[in-house]
Amino acid sequence: MNSPSATKKVEPTKKDNHGSQKESVGRYRELLESFIVALVLAFFFKSFVAEVFVIPTGSMAPTLLGAHKDIRCSECGSQYQAGASLETDQNTGGQTDTIVIGGICPLCRTQNNLDLRQSADKTVMGDRIVVGKFNYIFSDPQRWDVIVFKYPQDARINYIKRLIGCPNEQILIQHGDIYTRPYIDGTLSNEPYKIARKPASKVETLQQCVFDSEHIPADLVKAGWPNNWQAWPKESSAKWSTKYEEKAWEASVDAEGIPVENVSLLRYYHRFPSPEEWREIQKGTAKLQSVAPYDSTLITDFASYNAMVIAPRDSVYTQNNSISPKYKGGLYPDEALVDPSRYSIGHGGTRSIESEDGNHWVGDLLAEFEVEIKAADQGVLILELVEKGIRFQCRINTVDGSATWQLIKNRAPISIWEDVPADQAPQGKTAIRSNGQYRIKIANVDSQLFLWVNGSLVEFSHPTTFDDEKLLTREEHRPFWTPNEPLDAAPVGIGFAQGKLIVKKTKVWRDVYYIAHAMGKHLTDYPMDDDQEQANLIASVVDPDVRRLIEQARRTGATQEQSLLAVLKTVYASPPMWEKTGLFNLRRIRSYTLDQDQFFPLGDNSAASADARSWYTHHVPRELLMGKALVLLWPHSAYMFVPKFGRMGLIR
């Protein structure tokens with residue numbers, strides 16, 4: 001019906017459709033504008049506030065990990081990582097011809113052979129981090145910050161390293177440590193170099209474990225391998241008792257009535273089986289009677305991240321990238337691979353030197369003890385670290401908790417403190433008392449001493465910094481040993497007087513060691529690139545019979561790297577040789593000068609880092625700084641969508 005009312009009803013309907021079309025267009029327009037605004041804000045946020053990066057390589061390991069393998073040691077149960085970024089071409093993102101098939105445990109040094117057929121042994125992606133780009137707009141980067149910057153030789157590439165050198169100073173890398181002195185307006189200061197000291201938080205960030213009493217291999221105990229902790233002096237009225245079993249480690253001493261001057265220290269002797277001994281141990285055929293309880297070798301800069309076992313891809317995979325039916329995962333390479341002759345340890349570069357141990361002696365150490373104290377009236381707990389023959393001893397009175405640092409050389413107190421009056425010593429207050437359980441940690445890092453009790457850093461009356469240059473000659477910057485004192489051969493100790501002590505757990509760490517790498521040379525402090533340098537190295541072996549063996553091997557085809565490793569292994573494990581050898585005087589020292597707005601970054605993984613040491617310019621200009629690494633957002637694991645929650649947190 002065409003009634004007026006019907007007509008009136010139709011006309012408004014047309015107007016409503018037109019209006020709804022306009023509203024629909026408006027909504028789409030609003031969504032589009034919101035999306036554009038979100039993109040702009042995201043771009044602004046990424047450009048000026050923060051950005052997420054993925055770590056591609058292992059130059060910052062173990063602080064930040066690139067592509068890697070997660071490994072649980074089959075012998076001691078410790079968890080560690082082996083680098084695997086060499087499996088990927090960093091320029092193209094494609095596969096290389098190399099794969100990682102195993103790793104070496106940092107604690108017991110057994111070789112763990114992966115089974116690439118298992119998902120748990122697959123390569124894990126590098127860490128995902130958040131970088132703050134606002135941090136350095138109004139303030140300068142601080143030494144020890146982890147920074148992100150454009151690579152000076154190709155600004156299309158982003159790098160991440162730790163800031164070591166700042167503008168207007170000269171940097172010296174010497175024996176693993178960093179030293180600085182002012183350099184202003186092209187003029188070098190006459191001041192002597194001063195060691196660059198890490199704050200306590202950075203010290204703990206960079207520590208790397210070398211012993212953990214909770215991870216002692218049962219097979220070693222069964223085979224008769226001696227306990228790493230031994231009492232010294234061997235004969236003492238205070239007798240240590242140690243439990244050294246397949247699933248338990250503990251030590252105790254009854255020192256009731258024993259004065260401090262007669263204390264017996266339980267000392268750490270660093271040793272581990274060779275690869276050949278490990279295979280015999282695992283077969284049950286090892287004969288370890290020749291391993292003496294007081295034998296040891298120096299603690300070095302060994303990094304399990306760099307000691308990956310590698311092989312050609314075609315020794316495991318077929319051309320269509322499937323596992324070869326001839327591959328036997330989980331076995332030693334000479335049993336597992338299609339071609340057992342083609343495998344090696346390390347990242348395979350012509351300048352890299354890897355073995356079952358590191359190349360450089362590290363004297364800066366940390367140690368932690370979980371103890372139970374039982375002392376009636378006047379107990380004294382003694383903690384000790386040794387470097388260059390100097391004993392850094394902390395004595396804690398369990399009556400009032402007072403702690404005192406004492407430095408000892410040749411069995412006599414010495415004073416080489418930087419800011420302590422000659423007749424005084426740094427003193428502090430702790431929570432330790434006559435009866436109770438405590439977690440105590442000490443450190444000697446960058447010529448500075450630290451003490452923690454139950455996780456809290458103890459403050460002292462004076463700075464605990466010292467200068468061993470006041471005491472030692474150039475030739476004395478080496479490890480020490482005598483028949484009457486093991487010193488650097490047993491560089492960690494704990495003891496007690498006037499009471500009873502039970503040590504339930506213990507750990508030992510080393511500090512990071514910065515290699516004085518010369519551009520184009522091998523990644524070692526020891527010059528070894530020509531015949532004369534090789535001759536100097538071999539001459540440092542003072543035992544004529546061993547020296548002749550190394551010389552003969554060199555003449556019959558041993559490489560430069562093999563000769564160096566033979567020399568280091570011999571000297572490091574021969575304490576009587578340390579006084580006579582010239583090896584430690586051969587260590588290279590390098591310096592770098594920084595002008596205004598120039599920064600000097602290094603990787604935490606010094607033996608596998610392409611950083612300012614190897615660049616032609618040796619610095620990063622201020623305009624190439626991008627920001628500060630703030631948060632470890634997503635540490636990947638072998639399982640998709642499951643991060644390693646324990647590693648999440650602020651980057652220090």
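The values are calculated or read from the model by the stated rules, or taken from the named source; none is laboratory data. Please read these numbers as outputs of a predicted model, since none were measured by experiment. FYI the Cβ positions are ideal-geometry reconstructions off the backbone, even for glycines, and counts take in every protein chain you see. Heads up: the accessible areas ignore ligands, DNA and RNA and are worked out on the full protein's heavy atoms, side chains in. Shrake-Rupley method; radii C 1.70, N 1.55, O 1.52, S 1.80 Å.
Against the conditions (1) part of a loop (DSSP other than H, G, I, E, B); (2) open to solvent by less than 30 Å² (accessible area, probe 1.4 Å), P421 satisfies every one except (2). Tallying residues that are assigned to a strand (DSSP E or B) and either open to solvent by less than 10 Å² (accessible area, probe 1.4 Å) or within 25 Å of V631 (Cβ to Cβ) (or both) within region 157-197 yields 13.
Of all residues in region 304-331, those satisfying the criterion of being out of contact with any helix residue (DSSP H, G or I) (no Cβ under 6 Å at 6 or more places or on another chain), open to solvent by less than 30 Å² (accessible area, probe 1.4 Å), within 27 Å of A608 (Cα to Cα) and assigned to a loop (DSSP other than H, G, I, E, B) are S304, Y305, A307, M308, V316.
Scan region 431-463 for residues that are open to solvent by 10 Å² or more (accessible area, probe 1.4 Å) and part of a loop (DSSP other than H, G, I, E, B) and the total you get is 11. Residues in region 494-526 that are within 13 Å of E561 (Cα to Cα) and open to solvent by 10 Å² or more (accessible area, probe 1.4 Å): K521, L523. Selection within region 618-630: residues that are outside any loop (DSSP other than H, G, I, E, B) and not aliphatic (A, V, I, L, M). The member of this set that is surrounded by the fewest Cβ atoms within 10 Å (Cβ to Cβ) is E623. Give the residue that is farthest from A443 (Cα to Cα), with candidates limited to residues of region 371-410 that are open to solvent by less than 20 Å² (accessible area, probe 1.4 Å) and in a loop (DSSP other than H, G, I, E, B). That would be A375.
Residues of region 136-155 that are surrounded by fewer than 20 Cβ atoms within 10 Å (Cβ to Cβ), in contact with a strand residue (DSSP E or B) (Cβ under 8 Å, 6 or more places away or on another chain) and not in a loop (DSSP other than H, G, I, E, B): K150, Y151. Count of region 584-617 residues, restricted to those that are open to solvent by less than 40 Å² (accessible area, probe 1.4 Å) and either touching a helix residue (DSSP H, G or I) at 6+ places or on another chain (Cβ under 6 Å) or on the phi > 0 side of the Ramachandran plot (or both), is 2.
Which pairs turn up if I take residues in region 385-408 that are closer than 23 Å to D511 by Cα and look for partners that are open to solvent by 10 Å² or more (accessible area, probe 1.4 Å) and among the aromatic types (F, W, Y) with beta carbon separation below 7 Å, at least 6 apart in sequence or on another chain? As it stands, the answer is K388/F480; G389/F480, since those pairs meet every condition given. A residue that is basic (K, R), at pLDDT 95 or above and either touching a Lys or Arg at 6+ places or on another chain (Cβ under 9 Å) or not in a loop (DSSP other than H, G, I, E, B) (or both) cannot be found anywhere in region 126-133.
For L65, indicate whether it is modelled with pLDDT of 95 or more, open to solvent by less than 10 Å² (accessible area, probe 1.4 Å) and out of contact with any helix residue (DSSP H, G or I) (no Cβ under 8 Å at 6 or more places or on another chain). Taking the combined requirement at face value, the residue satisfies it. Among the residues of region 115-135, those identified as open to solvent by 10 Å² or more (accessible area, probe 1.4 Å) and within 23 Å of the chain's Cα centre (by Cα) are D121, T123, M125, R128, V130. When region 527-560 is limited to residues that are among the charged types (D, E, K, R), within 20 Å of P575 (Cβ to Cβ) and without any contact (Cβ under 8 Å) to a residue 12 or more places away in the chain, the one that is surrounded by the fewest Cβ atoms within 10 Å (Cβ to Cβ) turns out to be D545.
Among the residues of region 258-301, the ones that are part of a helix (DSSP H, G or I) and open to solvent by less than 20 Å² (accessible area, probe 1.4 Å) come to 2 in all.
Only one entry of K234, K222 meets the criterion of being touching an Asp or Glu at 6+ places or on another chain (Cβ under 9 Å) and either surrounded by fewer than 15 Cβ atoms within 10 Å (Cβ to Cβ) or assigned to a loop (DSSP other than H, G, I, E, B) (or both), and that entry is K222.
Exactly one residue out of G330, G358 is at pLDDT below 90 and either of a type outside the set (V, I, T) or closer than 15 Å to I310 by Cα (or both): that is G358.
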